[in-house]
Amino acid sequence: METTTRKAVARESHRVSLICKYHGVTNHRGSRITVQRNESNAYGKDPNKITVSWDYAIGTSENYQQAVQTYLDRAGWAGVWVTATTGNGAVAICAGDLS
């Protein structure tokens, strides 16, 4: 799975990974995904941490890709990002820039 955006590549984006975590439905909220930098504990709270509602019209992989793309858009990062699902979510890494 690849997520691509056309904004300028941030140097920082080549040194981080993104962690996506699935949160199941509760009595008050539907299913959702949170996305944040893997290194957020070392640098303090991730200002770009986001929560995205689960889209039941698309598949699991597509939900994670969509959540990662939303994070990238908010952070202003670009490049080719590869997203892989894990046992309780997904991980995204930058595979390179668009050039």
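Nothing in this text is a laboratory measurement; each read-out follows from the coordinates by a stated rule. Everything numeric here is computed off the predicted structure, so don't read it as measured data. Cβ: placed from backbone, ideal geometry, glycine included. Neighbour counts: every protein chain shown.
Quick rundown of the values:
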{"read-out": "Mean Cβ neighbour count within 10 Å, used as a protection proxy, ranking 51-60, 28-37 highest first", "value": "28-37, 51-60"}
{"read-out": "Highest average packing first - 65-75, 80-90, Cβ atoms within 10 Å", "value": "65-75, 80-90"}
{"read-out": "Net length gained if the chain between Ala95 and Ala57 were fully extended (0.36 nm per residue, minus Cα distance)", "value": "10.9 nm"}
